[in-house]
Each structure stands twice: as structure tokens, then as C-alpha cells.
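Notes for the one structure printed next.
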Amino acid sequence: MSILGVGLGVAALLVVQTVMNGFGEEHRLRIRESFGDCVVVGRRPVEQPKELLAALRRDPAVLSATPFSEGPALARNGDFSGVAFVRGVDPADAGHPARRYVYAGAFDELDDGRVILGVGLARALRVQVGDKVEVWSPAMAERAEKGKAPLPAEFEVCALVRTGFTEVDDRAAFIPLRRFNQLWSMGDRVHGVTLRLKDPAAAYETAARLNVGRPALQFVPWQEIKKNFLEAIRFEKTMLFFLMFIITLVASFSIGSTLFSAVIRRSREVGVLVALGARRWQLIGLFGLQGLLIGALGTGLGFLLTWLILAFREQILGGINALFGDGNLVANVYQFSKVPLHYDAMDFVVAAGFTLLVTTVAGLVPAMWAAGRKPSEAMRDA
């Protein structure tokens, strides 16, 4: 029972840590794919993007630099409508992240008369590849207020993307940058530039260096985008680590009580060993080793339970949603279509180290009590 208690504590700790690692890594990946390794923006749209792009592409740390414009719009298909977050992109950009998430149609078919939709937005509009959608931009509404009656822009859906990140899948719409600038009356200006760096981990240093001499622009590394949200996930992971570790502490009391019972039952043997010349450290090692062994076996069992729970996590989550939830809790709260995982070897090392330490200490307490008894007392109490 002590081994099982330790195993459950280790499994609870590692399952929580692995899932929280998955949430953090998935959000970091989505941020980099959506915004790039570094985003160049300003208080106003970039007036001369070609000169800026040429200068940035010459920098040895920059892998690619692509302009973008973005904004909300009303998308409509007959009686069905939805709010789309439209992003103007370069159709010739071979490294655009949306390419790897296309599951219907083709990214290369994107042109001035076509649009790529997120699967959730397409579902809301009741459209598939080949269907038509109408897009109303805020600039069209402004012209309508001035007495003009602009017609909506009509696009043919050429592809659908499914990233698994509901915030993107339910709102994303991609059109060529030139077409976006026409609908939003942007001219040759762009809202910003997306940089992909050769070393994304050095985004802070690269952004600071590129920002020198460009006071009108702001170079934002990907770590600063939604920084508060990422810090909240990291803090939540740390707090959950200590909360879950309490289970292991509770199991250590079970180990202590079990070994105390073993010492009391073996009082005669303890007295005999002391009478035969057993030293104090030998008795401590004899009973303390039992605590270490329980911790080692419990840790191994916890690793196995962790693998089993995570392997069937979707079925477990489905049962939880059916009993207590209202819809897909992971998609509604964390914006993922399934529970993400990220195994971190350090989490397993730390969990094993803490567990072995606590269980060993729990075994040493009764061991030191047994070693401190005199032979006559042990033989008399037996």
C-alpha cells in the first residue's frame, strides 16, 4: 500500500507537469507561427515597406522578412455570417506556416479572387472548397456612411486550414496582401513585417539590435507576445507542482507508520543484532534502506501510471466532459482541439529525486529510533 501511495503521488505530479508543459509549448508554437519570431510594427502603418524589407533581409540573423496587413471583417454566405480576422499575406511565401495546416484545397491557388479560411469559420459560414463568400471591410462601411454603396468583395474558397488552435481555426481568413490593401484602402502601406530568424532563441537580442536607428518602429520578439498569458501558465505549473507533491508527502507518513510497525514487531531481532555487536549506522541502514526501496519501487510504478494515463488521456477527458463538463473544456478554455503533451526529462528527474528523498527520510525516523534502543530494552519489550 505504501508503494501504491507513492506511485499515485508521482503519477499525479508528472501527469500535471507534462500536460502543463504541453499547454505552454503549444501556445509558444502557435505564437511563433501566427506572429513570427519577431514582429515589426509602428504606431502608424509602415509607409515604405520595400526599403525596410530590403534592409532587414540583408541582416545575417534574418532568415526571411514578409509584410502583412490584418484586420476584422464581416464574412457572409447567404443567410450565414461570421466575424473573420483577415490577414493579407504574400501567396508566394514558401515558408508561410499556414501551408503545413492545409487539409483541403491548396495554398498555392490563393490569388486576388480566392480566400483561405479556418475550418471553424468555414463551418460557421457553411462553405467548402469551391464555394463563394462575401467580405465586408471597415473601409466599405465608411464609404457607405458617406453616401456610397460599395459592393461586397466576393471570394472563392480555395483551401481550408486546421491548426487545432480554435482561436485561429474559428476566425482566420487569408487573402493576398495586394487585395487586402485594396479593400482596406491601405495603398502601398502595410501594418507590419514578420521576421523569421535563424536563431529564434536569440529573438530578444536580435530585436534590440535591429531596433537601433529605427525609433518609429517597434521590434517585438515572440517571447513578449502574450507574455502575461505565458507567465500565467508557468506560474500555474509551479503551483501545481507543490500541490501535487503534497500527495507524496502524505504517502511518506504511510511509509513511516509501516516501518514503525515493522520495527516494533522486530524488537527481539533488533535486540539480538545489537547484542551481537551490530553498530548504530548498520541498523539505520537496515531499516532506512526499506524506505529507499519503497520510494524507488513507487517511483517506477508512478512512471508507468503516468504513461498509461497520458496514453488514454483523450478517453479520460471524454468521460470527464460527459460527467461534469459542458462541451469540450480543453477547446473552450485552452483553445486546443486535444490535450497537448510535452515530456521534460528534468520533471521526471526532479520528481524522482524529491520522492526518493522524502521516502528515505520517512524510513530513517523509525530506523534511528530502532538504532537508539538498548539490547535489554528491546529484549524486554519483545
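Values computed for the structure shown
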quantity: Relative compactness, the range 44-215, computed as alpha-carbon Rg over 2.2 N^0.38 Å; calculated: 1.11
quantity: Highest-first arrangement of 39-52, 86-99, where packing means the average Cβ count within 10 Å; calculated: 86-99, 39-52
quantity: Farthest positive-ward along the chain dipole, Cα basis, beta-carbon charges - from ILE246, PRO152, SER261; calculated: SER261
quantity: Cα Rg, Dmax, the chain, angstrom units; calculated: 30.9, 108
quantity: Dipole magnitude of the range 44-215 about its Cα centre (Cβ charges: Lys, Arg +1; Asp, Glu -1), debye to nearest 20; calculated: 280 debye
quantity: Extension gain, ALA208 back to ASP79 (0.36 nm per residue minus Cα-Cα distance, nm); calculated: 41.6 nm
quantity: Amide hydrogen neighbours beyond the local backbone of VAL89, cut-off 5 Å, H modeled; calculated: ILE175, LEU177
quantity: C-alpha long axis of helix 313-323 to longest principal axis of the chain, angle in °; calculated: 80 degrees
quantity: Cα coordinate range in the range 1-97, projected on the principal axes (Å, largest first); calculated: 71, 51, 28
quantity: Table column - 3J(HN,Hα) (Hz), the range 280-295, Karplus curve with 6.51, -1.76, 1.60, x for Gly and Pro; calculated: 4, 5, 5, 5, 4, x, 4, 7, x, 5, 5, x, 5, 5, 4, x
quantity: Relative packing of 3-12, 174-183, 24-33, which averages over residues the other C-beta atoms within 10 Å, highest first; calculated: 3-12, 174-183, 24-33
quantity: Local electrostatic count at ASN181 - Lys and Arg +1, Asp and Glu -1, tallied over other residues with Cβ under 10 Å; calculated: +2
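A short reminder: the numbers here are calculations on the coordinates, not readings from a lab. Note that the structure is a prediction, hence the values are computed from the model and not measured. Virtual Cβ from ideal backbone geometry, glycine too; neighbours counted across all protein chains shown.
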